[in-house]
Amino acid sequence: MTWLKELRYSIDVFDVRDSLVQVRARLDTLDAAIGAYDVYLRLPREPGHVLMIRQGARVLRRSDRPTPPV
């Protein structure tokens, strides 16, 4: 399963208690992760659920916070 380690970025959904609800995608490049995140932002979510781009434990973007400048 070494190929799975190469998928460094994940698009995850968390609930209000910061529990992982769903892994929406695992991707190998940041550009692909940002593109997928932008698409998932347009889809309906449960109230209080937060969409995140993560690289391991590091959170790169959260749907409940402003997007950092590039």
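To the nearest 10 degrees, how steeply does helix 30-41 sit against the main Cα axis of the chain, on a 0 to 90 scale?
The angle comes out at about 30 degrees.
How much mean residue ellipticity at 222 nm does the chain get from its helices, if each DSSP H run of length 4 or more adds -39500 (n - 2.57) and you divide by all residues, to the nearest 500 deg cm²/dmol?
Theoretical 222 nm ellipticity from helices: -6000 deg cm²/dmol.
From the phi angles alone, apply the Karplus equation (6.51, -1.76, 1.60; θ = phi - 60°) to the stretch 10-25 and give each ³J(HN,Hα) in whole Hz, x where the residue is Gly or Pro.
Each residue of the stretch 10-25 in turn: 10, 10, 10, 10, 10, 8, 5, 9, 6, 9, 5, 9, 7, 9, 7, 7 Hz.
Using only alpha carbon pairs under 8 Å that are at least six residues apart, calculate the relative contact order of the chain and give it in whole percent.
Value for the chain: 31 percent.
Values in this text are rule-based calculations from the coordinates and carry no lab data. Since the model is a prediction, treat every value here as computed from it, not as a measurement.
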